[in-house]
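Bear in mind these aren't lab numbers, they're just calculated from the coordinates by the rules spelled out. Fair warning: this is a prediction, and the values are worked out from it, not measured in the lab. Cβ placement follows ideal geometry from the backbone for every residue including glycine, while neighbour counts extend to all protein chains displayed.
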Amino acid sequence: MLGSLSLLWLVAMTTSLVSKAQILTPQDYEEEDDEAVTTPSLAVPCDYDRCRHLQVSCKELQKVGPVACMCPGLSREDQQPDPPRLGEVQMVAEEGCAVVHWCAPFSPVNHYWLLFWESNGAPQRSGPLNATVRRAELKGLKSGGIYILCVVAANDAGESRVPEAGVEGPENWAGSSFGPCRKLIMPPRPVTLVHAAVGVGTALALLSCAALVWHFCLRERWGCPRRQGTAQASEAL
Ligand SMILES: *[C@@H]1O[C@H](CO)[C@@H](O)[C@H](O)[C@H]1NC(C)=O
């Protein structure tokens, strides 16, 4: 009697467990399915490259895009932006200009501008460049000039930091390849080089003429026979 009761109890327990398992299992799968649907779209980063020229802001991409995507975290809007990172700078010696590339900071930015100064000159700044811009041309640079160039980001809360113009040692900025500033040395223009070559050539020609004239004048004045002999020998050659 006891044995059959315990057997019944055992049967009841197992069936209830099995039915519970059957009830639970599909729900679990559904939950997992939901996660599977939502997770990848959240995990996809937006097609945003902070170094790409004319890159619209990541927020815009999120608004426009067909699928939700993730943006990199930004610093707060009520704080001045972090400094941008100055990238490649191509110098065009013929035109006295430099093409400057940079990357956006991880901060909200309204606009950029370029700041540059000669070794001991007053800082000059370019006009404002909108927040999509990552490349700009700097014109009117003197050939052979040495400049410090910085890129500055600004938003409503202020502008990004730039090392003080007065701080000694532009080497500090030349060394920091990830900072907003760099030292630029404009190469001399090729025209200048040609001029220099022509100048040096002319000077050399004049010098040799002078040397020849001096040589012959000396010979005429002293009339040294041995010298005459060597002169004749050289003439014969
Ligand atoms: C930003 O400036 C660039 C270059 O001057 C221009 O092509 C672009 O249309 C501007 N974008 C906006 C949103 O003003």
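Size of the stretch 85-185: Rg and Dmax of its alpha carbons, in Å, are 13.0, 40. Fewest neighbouring Cβ atoms within 10 Å first, the residues 159, 88, 60 line up as 88, 60, 159. Over all other residues within a Cβ to Cβ distance under 11 Å of residue 104, the charged ones net out to +2, with Lys and Arg as +1 and Asp and Glu as -1. Taking 0.36 nm per residue of separation and subtracting the Cα-Cα distance, full extension of the segment from residue 185 to residue 198 would add 2.3 nm.
Between residue 125 and residue 50, the modelled label-to-label distance comes to 2.2 nm, taking each label 7 Å out from Cα in the direction of the beta carbon. Residue separation of residue 135 and residue 94 scaled by 0.36 nm, minus their Cα-Cα distance, works out to 12.8 nm of gained length.
Annotation for residue 118 and residue 62: the two label points, set 7 Å from Cα along the Cα-Cβ direction, are 4.7 nm apart.
The distance between label points at residue 220 and residue 146 comes to 5.0 nm (points 7 Å beyond Cα on the Cα→Cβ vector).
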